[in-house]
Protein chains: 2
Amino acid sequence: MNVSNAYPLRADAQRNLERILVAAREAFAEGGLDVGVEEIARRAGVGKATFFRRFPTKEALVHAVYEGFVIEVEESVDRALQEDDEPLAALRAFLRHSMTTQAGNKAFFEAVASRFVAPVELTDRVMAAIARVMAPAEAAGALREGVEAGDISTATKMLGAAIRPMDGLLLPEAAWDRYLDVVICGLSADQAPLPGVAADPCAMVREVSAKSV
Amino acid sequence: MNVSNAYPLRADAQRNLERILVAAREAFAEGGLDVGVEEIARRAGVGKATFFRRFPTKEALVHAVYEGFVIEVEESVDRALQEDDEPLAALRAFLRHSMTTQAGNKAFFEAVASRFVAPVELTDRVMAAIARVMAPAEAAGALREGVEAGDISTATKMLGAAIRPMDGLLLPEAAWDRYLDVVICGLSADQAPLPGVAADPCAMVREVSAKSV
DNA sequence: GAAAAGACGGACCGATCGGTCCGGTTGTGC
DNA sequence: GCACAACCGGACCGATCGGTCCGTCTTTTC
């Protein structure tokens, strides 16, 4: 985000900026998006004022970290597309990876759970990545009629909810596949078609984001 | 909870207590569990101190309201059990009703999403109700092998997550059945059995609750 | 109808959070 | 090596939240 800005930062400032980003990723991963700015600055070995000199608001930092998540998603799709033994393999690998990431990174989980309004540009990138990862299954006719990108996005939310039965508690990995199985199975072909799509969640997200600018 | 206490409250105190409970239910339904105590007291036409005279802490109020939710769940199961056209009907009706309630009541949604640690006694009641509502389907062999009460509880969480694509946004009702279909379908028989249960979420919930007492 | 038990609410407290200010420090270009 | 701009961080601010205090008012009881 600000890492390579218009005119170059002084060396120490650049170093501190990077430290802040690293510290924020760590702190958010452990404690979720509610971790305070002071704690992040402390971890970065920096004063609170220094933080606010680089990021106008805490929200800006959250967006910067969120962009990292989007990149992770895109890379996850690239990796998932490698395995093409069977039509649904890539989609399954993607969803499974999403569970792992949400489990190990509380902020990622909260981001998926939409604890904040993400910039449109970034949600668009996520949707594009999802479209890529579901393409093989779609082409092979392995997907239930009516399943679309927004549904896969929703599936990641549902799976995230599944592996966190209560606040602060995380289901052991061995139990995750139960839910992944249920969802994959519900998304597979050879079922009655899904009811018609009455609304496009992505469009609504776009609308809300635009309104909040 | 405190409504009918050990020794009788004075008439005005009893009236105010009821007003507080009603106001809390409304306020929580609209704004979620983060609504402040002051706002609730204001809605009840009462001072903040009066609130804290009846409830030792805000958490106590949340638990009282949560007990109301548990009763709603139990009633919902009673109603769902009426419709027995086909084996899965009751379960489906129950999950559908849970979606409606979560949609119309932000606090209920957050309670399902486990935004707080509920008392063991109440989570036990929820689990018992779920066991009742899934019994017909189970008896008819309509459930996939390995599906148990904890999975239905998780299903309500997943469906709650599905209908709220982002903070403050609610999917229109017409789109809900898509996800209900996916989940019901994944829970139905005639699929490969679910992977073995490595952990019992309910037991873990019980453990965590005990620790926090 | 008066006294005492109980309830009332607004003012107050301490902790926390996002965000700002300012006097001292440090990297950088000449 | 010097001067200046850029940078630094701790102290500070205002808002908010859960929770308490205390002087006043209401209900109950005899």
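The values are calculated or read from the model by the stated rules, or taken from the named source; none is laboratory data. Owing to the predicted nature of the structure, the values given are computational and were not obtained by experimental measurement. As a convention, Cβ positions derive from the backbone with ideal geometry for all residues, glycine included, and neighbour counts pool all protein chains shown.
Things worth noting here:
- Of the helices (runs of 4 or more DSSP H) that lie entirely inside the stretch A:1-104, those containing 3 or more residues that are over 30 Å from A:G150 (Cα atoms), within 9 Å of DNA strand D (Cβ to nearest atom) and not charged (D, E, K, R) span A:11-31, A:48-54.
- Residue match in the stretch A:69-78 (condition: aliphatic (A, V, I, L, M), within 30 Å of A:D177 (Cβ to Cβ) and loosely packed, with under 14 Cβ neighbours inside 10 Å): yes
- Test: residue in the stretch A:197-212 that is over 13 Å from A:L159 (Cβ atoms), modelled with pLDDT under 90 and hydroxyl-bearing (S, T, Y): yes
- Counting only residues that are closer than 20 Å to B:P172 by Cα and touching a helix residue (DSSP H, G or I) at 6+ places or on another chain (Cβ under 7 Å), the stretch B:74-102 holds 10 of them.
- Selection count, the stretch A:159-185, where residues are over 20 Å from B:A192 (Cβ atoms) and at the interface with another protein chain (Cβ under 8 Å from one of its Cβ atoms): 10
Residue-wise test of (1) over 18 Å from B:L33 (Cα atoms); (2) not polar (S, T, N, Q).
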{"residue": "B:K58", "(1), (2)": "no, yes"}
{"residue": "B:Y66", "(1), (2)": "no, yes"}
{"residue": "B:A93", "(1), (2)": "yes, yes"}
{"residue": "B:Q102", "(1), (2)": "no, no"}
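- Meets criteria (crowded, with 16+ Cβ neighbours inside 10 Å, over 13 Å from the mean Cα position of the chain (by Cα) and outside the structural domain of B:L33 (by TED's automatic domain parsing)) for B:A161: yes
- B:F94 aromatic (F, W, Y) and either outside the structural domain of B:V120 (by TED's automatic domain parsing) or within 16 Å of DNA strand C (Cβ to nearest atom) (or both): no
- Condition met for B:A23 (within 30 Å of B:L159 (Cβ to Cβ) and touching an Asp or Glu at 6+ places or on another chain (Cβ under 8 Å)): no
- Looking across the stretch B:128-145 at every residue that is within 12 Å of another protein chain (Cβ to nearest Cβ) and surrounded by 15 or more Cβ atoms within 10 Å (Cβ to Cβ), the one that is farthest from B:L194 (Cα to Cα) is identified as B:L143.
- All positions within the stretch B:90-117 that are within 11 Å of another protein chain (Cβ to nearest Cβ) and touching a Pro at 6+ places or on another chain (Cβ under 8 Å): B:S114
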